[in-house]
Amino acid sequence: MRRITAIRNGTVITPSKTIKNGVVIFEDEKIIAVDRETDIRIPKRAGIIDASGKIVAPGFIDIHVHGGRGRDVMEGSYEAINELAKFVASHGTTAFLPTTVSASRGDLLNAVKAVKAAMERGTEGAEVLGVHLEGPYINPEKLGAHDAEYVRLPSLDEIRELLEASSHTIKIVTLAPEVKGSKELMTELRKFGIVASVGHSNATYSEVVKAIKHGATHAAHTFNEMRGLHHREPGVVGAVLVQDELTAELISDNIHVHPAAMKLLIRTKGTNKVVLVTDAAQAAGMPDGEYKVGKKDVVVRNGVCRLESGELAGSTITMDGAVRNVMKSVGLPLKTAIEMATINPAVTINVDKDKGSLEPGKDADIIIIDKEVNVYVTIVKGKVVYKL
Ligand SMILES: [Zn+2]
């Protein structure tokens with residue numbers, strides 16, 4: 001028999017409106033109805049989840065996350081991905097792309113195989129939607145926390161091996177379009193519908209415009225590790241700001257990007273083109289101390305994660321915090337901030353048919369939060385995976 005559940009008494013955020021005293025009904029893993037309590041019939045046999053005084057929203061989708069609670073995607077094991085899936089679910093994320101860093105071919109192969117295993121077996125937390133391959137085909141002048149030793153020119157042979165090993169589950173490749181061989185790489189990615197993302201790049205404005213012609217549709221952590229805006233050479237940042245073809249990631253931890261720059265990005269791109277990401281490292285959800293990003297040592301003080309050189313090395317933010325910050329720092333309403341963490345990432349990686357909003361026919365990926373974005377319940381495909 002099919003299992004039916006109704007979430008009652010909460011304020012429900014839907015694409016068209018916010019419904020006070022709304023009801024969301026889901027049957028097994030799919031949402032079947034969303035409406036006002038007065039306009040809906042709740043089946044007698046439905047299990048009830050009470051959301052009185054709370055907000056019912058779609059679950060967050062984090063398309064750029066390297067680790068958390070002491071685990072790292074580069075460990076290359078199912079266990080690491082599963083633990084990360086549980087951790088992010090406790091912060092309202094219902095689906096994510098485990099993200100790699102520049103590493104040896106062997107380590108990258110292991111990592112993408114582990115992600116594939118987590119997709120096949122499923123996790124005890126958020127759903128794994130595929131891989132975000134960040135690097136290794138980036139510009140050594142814009143390394144961030146990436147290890148120079150493993151940064152290299154694009155290789156079609158290598159990307160084909162990675163695609164094969166991942167059973168074509170790679171969803172995003174972050175690359176520097178100005179390096180030799182990236183045009184061929186982007187052409188290959190386009191064949192498979194993989195998102196080419198401009199990042200860790202020192203490209204000029206016109207090089208990014210050219211990259212868009214070759215299929216680039218996205219930009220990794222806007223402002224961070226990309227050529228900045230100059231009025232005669234608008235650089236990567238200038239291209240991200242004015243080229244409508246590009247969706248733009250934003251790490252809204254108030255550390256990676258100044259609130260005024262966040263405002264500039266959101267006002268210029270529009271709220272439907274900005275995607276909140278955590279870019280979180282294994283130190284997320286852990287006390288201050290010494291950790292790793294890939295093979296590099298990092299130190300976390302007051303939640304800020306830095307290399308020995310002092311450079312920022314991934315964040316310790318979680319998606320609930322990202323949404324909270326963008327509301328406070330930029331002054332966005334809750335509904336808009338949530339859309340930047342739900343439907344926008346879903347559209348970016350082309351899963352919006354099933355994910356990203358509370359609508360009949362979509363997956364029952366649902367969170368119950370309060371107006372400060374504290375997470376009380378996380379439901380992934382109809383299953384409660386986290387409860388405060
Ligand atoms: Zn990065």
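What follows is calculated from the coordinates using simple rules that are stated; it is not laboratory data. A quick note: this is a predicted structure, and the numbers were derived from the prediction, not measured. We place every Cβ from the backbone using ideal geometry, glycine too, and count neighbours over all the protein chains shown.
Could you give the nm distance between label points at Asp28 and Ser155, where each point is 7 Å from its Cα heading toward the beta carbon?
4.4 nm
Just the number, please: Stokes-Einstein D of region 132-188 in µm²/s, Kirkwood Rh from C-alpha pairs, 4 °C, 1.567 mPa s. Intermediate results must be reported in sequence, preceding the final value.
Details: Rh = 11.6 Å.
Result for D is 111 µm²/s.
List, in order, the whole-Hz ³J(HN,Hα) value for each residue of region 167-180 obtained from phi through the Karplus relation with A = 6.51, B = -1.76, C = 1.60 and θ = phi - 60°; use x for Gly and Pro.
6, 6, 9, 6, 9, 9, 10, 8, 9, 9, x, 7, 7, 4
For every helix of n ≥ 4 consecutive DSSP H residues, a contribution of -39,500 (n - 2.57) applies; sum these over the chain, divide by its total residues, and give [θ] at 222 nm rounded to the nearest 500 deg cm²/dmol. Walk me through the numbers on the way to the answer.
Working: 10 runs with 101 residues, N = 388.
Result for the chain: -7500 deg cm²/dmol, rounded to the nearest 500.
In whole Å and largest first, what semi-axes does the C-alpha gyration tensor of region 252-388 yield when each eigenvalue is scaled by 5 and square-rooted? Could you put the intermediate results ahead of the total?
Details: eigenvalues 148, 75, 40 Å².
Working from the Cα gyration tensor, I get semi-axes of 27, 19, 14 Å.
Could you give me the ³J(HN,Hα) list for region 370-381, computed from phi with Karplus coefficients 6.51, -1.76, 1.60 and θ = phi - 60°, whole Hz, x at Gly and Pro?
With coefficients 6.51, -1.76 and 1.60, one gets 9, 6, 8, 6, 7, 9, 9, 9, 10, 10, 10, 6 Hz.
Residue by residue, what Karplus-based ³J(HN,Hα) values in Hz, rounded to whole numbers, does region 192-207 have, using 6.51, -1.76 and 1.60 with θ = phi - 60° and x for Gly and Pro?
9, x, 8, 6, 8, 10, 7, x, 6, 10, 10, 5, 7, 3, 5, 5
Fewest Cβ neighbours within 10 Å first, please rank Tyr291, Tyr137 accordingly. Mind dumping the intermediate values first?
Working: Tyr291 22, Tyr137 25.
Starting with the residue having the fewest Cβ neighbours, the order is Tyr291, Tyr137.
Taking H as built 1.01 Å from N, whose amide H comes closer than 5 Å to the amide H of Arg3, not counting residues under 5 places away?
Here Asp28 satisfy the definition.
How big is the Cα convex hull of region 1-116 in projection, averaged over all directions, in nm²?
In nm², the orientation-averaged hull projection of region 1-116 is 9.4.
Take the alpha carbon gyration tensor of region 205-300, find the square roots of its eigenvalues, order them as a ≥ b ≥ c, and report rounded if a/c is under 1.5; if not, report prolate when a/b exceeds b/c, else oblate.
Details: a/c = 2.20, a/b = 1.85, b/c = 1.19.
It comes out prolate by the Cα gyration axes.
Given H placed on each backbone N at 1.01 Å, which residues far from Val179 in sequence or on other chains put an amide H within less than 5 Å of it?
Amide H neighbours of Val179: none.
Based on other C-beta atoms within 10 Å, arrange Thr278, Thr18, Thr100, Thr271 from fewest to most.
Working: Thr278 33, Thr18 14, Thr100 28, Thr271 17.
The most exposed by this proxy come first: Thr18, Thr271, Thr100, Thr278.
Within a Cβ distance under 15 Å of Asp28, other residues only, what is the Lys/Arg minus Asp/Glu net charge? List each step's numbers first, then the result.
Numbers: positive: Arg2, Arg3, Lys30, Arg45, Lys362, Lys381, Lys383; negative: Glu27, Glu29, Glu127, Asp354, Asp363, Asp365.
Result for the neighbourhood of Asp28: +1.
Out of all DSSP beta bridges in region 1-154, what portion is antiparallel? Express it as a percent rounded to 5.
On the way: 15 of 29 bridges.
If I count the DSSP bridges inside region 1-154, around 50 percent turn out antiparallel.
In whole angstrom, note down how far apart the Cα centers of region 278-325 and region 373-388 are.
What the calculation gives is 24 Å, centre to centre.
So how do Arg324, Arg190, Arg232 line up by other beta-carbon neighbours within 10 Å, fewest first?
Arranged by neighbour count, lowest to highest, Arg324, Arg190, Arg232 become Arg232, Arg190, Arg324.
If you average the C-alpha positions of region 224-263 and of region 34-112 separately, how far apart do those two centres end up, in angstrom?
First find each Cα centre; the distance between them is then 27 Å.
Checking the table Lys17/Lys335; Lys142/Lys171; Lys273/Lys355; Lys17/Lys54; Lys20/Lys269; Lys142/Lys296 against a 19 Å threshold on Cα-Cα, which pairs fail?
Working: Lys17/Lys335 9 Å; Lys142/Lys171 22 Å; Lys273/Lys355 17 Å; Lys17/Lys54 16 Å; Lys20/Lys269 30 Å; Lys142/Lys296 16 Å.
Pairs exceeding 19 Å: Lys142/Lys171; Lys20/Lys269.
With everything on Cα atoms, drop me the angle between helix 105-121 and the longest principal axis of the chain, reported from 0 to 90° to the nearest 10.
Around 10 degrees separate the two axes.
Report the antiparallel proportion of the DSSP beta bridges in region 199-296 as a percent, rounded to a multiple of 5.
On the way: 1 of 8 bridges.
Antiparallel: roughly 10 percent of the beta bridges in region 199-296.
With everything on Cα atoms, drop me the angle between helix 319-330 and the longest principal axis of the chain, reported from 0 to 90° to the nearest 10.
Taking the Cα atoms of the chain, the angle to 319-330 is about 80 degrees.
Please compute the net charge surrounding Gly106, taking Lys and Arg as +1 and Asp and Glu as -1 over other residues with Cβ under 15 Å from its Cβ.
Values: positive: Arg105, Lys113, Arg152, Lys295; negative: Glu75, Asp107, Asp147, Glu149, Asp157, Glu158, Glu161, Glu164.
Once all neighbours under 15 Å are counted, the net charge is -4.
Between Rg and the Kirkwood Rh of region 61-165, both from Cα atoms, what is the Rg to Rh ratio?
Working: Rg = 13.5 Å, Rh = 13.8 Å.
Rounded to two decimals, Rg/Rh equals 0.98.
Using only Cα atoms, find the angle between the long axis of helix 182-191 and the longest principal axis of the chain, and express it within 0 to 90 degrees, rounded to the nearest 10.
30 degrees
Can you give the Rg/Rh ratio of the chain, where Rg is from the C-alpha atoms and Rh is the Kirkwood radius? Let's see the in-between values first.
Numbers: Rg = 20.1 Å, Rh = 20.8 Å.
Here Rg/Rh amounts to 0.97.
Considering only the chain, what is the antiparallel percent among its DSSP beta bridges, to the nearest 5?
Details: 38 of 71 bridges.
Bridges in the chain that DSSP calls antiparallel: roughly 55 percent.
For the charge dipole of the chain, defined by +1 on Lys and Arg C-beta atoms and -1 on Asp and Glu C-beta atoms about the Cα centroid, which residue among Pro360, Val115, Val300 has the Cα displaced farthest towards the positive pole?
It is Pro360.
Relative contact order (percent) for the chain, with alpha-carbon contacts under 8 angstrom and 6 or more residues of separation? All intermediate terms of the calculation are to be shown ahead of the outcome.
Details: 988 pairs, mean separation 75.4, N = 388.
That works out to 19 percent.
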